[in-house]
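Chemist: One structure follows; several queries about it will come next.
The values are calculated or read from the model by the stated rules, or taken from the named source; none is laboratory data. Owing to the predicted nature of the structure, the values given are computational and were not obtained by experimental measurement. Here the Cβ positions follow ideal geometry from the backbone for every residue, glycine too, while neighbour counts run over all protein chains shown. The area values use the complete protein model at the heavy-atom level, side chains included, leaving out ligands, DNA and RNA. Shrake-Rupley method; radii C 1.70, N 1.55, O 1.52, S 1.80 Å.
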Amino acid sequence: MSTSEFTATPPTAPTAPAGERLSPWERARRVFVSPQTAWEGLEEQVQWWIPLLLTLLVTAGMFFLLYHRAYLPMLLDQLDQQVVNGQLPAEQVDRMEQVYTSTPTMIMIVVTQILAVSVITLISAAVVSFGVGFVLGAKFRYRLALESVCWANLVTLPSYIVMAVIAWSQETMKGVHLGLAALLPHSDTPSKIEVGLTVFLDAISPFAAWNLFVLVVACSTLSKAPRRSVAWVLVSLYLALFAIGAALSALFTPGA
């Protein structure tokens, strides 16, 4: 009688579950309420343009809402100050006022703001990619840095609303600060030191801290780098860049 030979089949290893594919709405919700779980699927999904577009829409909307209420009064005050300082002939003020109140000027300014926000976002992603990918030596390509920056920037949108409320109530954008610069005394003709301190201290605010926290979580999760190391690198780069910006602002500000 022949014996049957049975070949044992080795057990199949369980397949790792694919990364969760979050909808943009769900990802945005998690960025605010659970940033540790907001980054699943970003290795495969290209979604950075969604939060960037939302940020640009909010920026443009707030500008149009506040232009005649807060921006224009500030611009006209600056013209008057230039006349007082002898930097602008008084006869040009009426002509400049007509330019500032025109619709093409409004559109030109908002387009400039949109371009500025876009360029700053792209540069910020390059800095983050440098810090995490080069300084820490983690595997972190530019596209993931851009995803991290754009999604983390969503938590700064509430600051736009707070600033809009303050500017609307004061009817000017001048003196609207959400950072430590709000504690500084402000004069009509600030000195170079005042300008530099204002720019640097404006970078230290609750919303900036929230933004950095979410960004650190995003970069650490996507790069697999230790969160503490990511935090040290990104906070150091953030403060260094704003220190440079403050120095440049002070340098190019006319005054004593």
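Chemist: Give me the number: length gained by fully extending GLN36 to LEU122, i.e. 0.36 nm times residue separation minus the C-alpha to C-alpha distance, one decimal in nm.
Modeler: 28.6 nm
Chemist: While we're on this one: If you take the beta carbon distance between GLU26 and VAL162 as r and set R0 to 22 Å, what does 1/(1 + (r/R0)^6) give as a FRET efficiency, to the nearest 0.05?
Modeler: Computed FRET efficiency for GLU26 and VAL162 comes out at 0.30.
Chemist: Tell me the angle of helix 192-202 to the major Cα principal axis of the chain, expressed in degrees between 0 and 90 and rounded to the nearest ten.
Modeler: 30 degrees
Chemist: What distance in nm separates the two pseudo spin-label positions at ARG227 and PHE134, each 7 Å out from Cα along the beta-carbon direction?
Modeler: With each label placed 7 Å out from Cα toward Cβ, I get 2.7 nm.
Chemist: I need the calculated FRET efficiency for the pair SER187 and SER236, taking r as the beta carbon distance and R₀ as 30 Å, to the nearest 0.05.
Modeler: For SER187 and SER236, the calculated efficiency is 0.40.
Chemist: At 1.4 Å probe radius, can you tell me the per residue accessible area of the chain in Å²?
Modeler: Here the per-residue accessible area is 59 Å².
Chemist: Could you work out what % of the accessible surface of the chain is carbon and sulfur, using a 1.4 angstrom probe and leaving DNA, RNA and ligands out of the count?
Modeler: Roughly 68 percent of what the probe reaches on the chain is carbon or sulfur.
Chemist: Against the longest principal axis of the chain, how steep is helix 157-170, in degrees 0 to 90 to the nearest 10, with axes from Cα atoms?
Modeler: Long axis of 157-170 versus the principal axis of the chain: about 20 degrees.
Chemist: If you average the C-alpha positions of region 179-216 and of region 78-149 separately, how far apart do those two centres end up, in angstrom?
Modeler: Here the two parts' Cα centres lie 17 Å apart.
Chemist: As a check on your grasp of the helix formula, calculate [θ] at 222 nm for the chain: sum -39500 (n - 2.57) over DSSP H runs of n ≥ 4, divide by the residue count, round to the nearest 500.
Modeler: Computed ellipticity for the chain at 222 nm equals -20000 deg cm²/dmol.
Chemist: Assuming 0.36 nm per residue, please report the length gained on full extension of the stretch GLN87 to ILE204 beyond their Cα-Cα distance.
Modeler: Roughly 38.8 nm would be gained on extension.
Chemist: I'd like the orientation of helix 227-251 relative to the chain: the angle between its Cα long axis and the longest Cα principal axis, in ° from 0 to 90, rounded to 10.
Modeler: So the inclination is approximately 20 degrees.
Chemist: How much FRET efficiency would the formula 1/(1 + (r/R0)^6) give for ARG69 and ARG95, where r is the Cβ-Cβ distance and R0 is 22 Å, rounded to 0.05?
Modeler: According to the calculation, E is roughly 0.45.
Chemist: Please give me, ordered by residue number, the chymotrypsin sites (Phe, Trp or Tyr not before Pro) of region 208-256 that lie in loop per DSSP and have at most 13 other Cβ atoms within 10 Å.
Modeler: Answer by residue number: PHE252.
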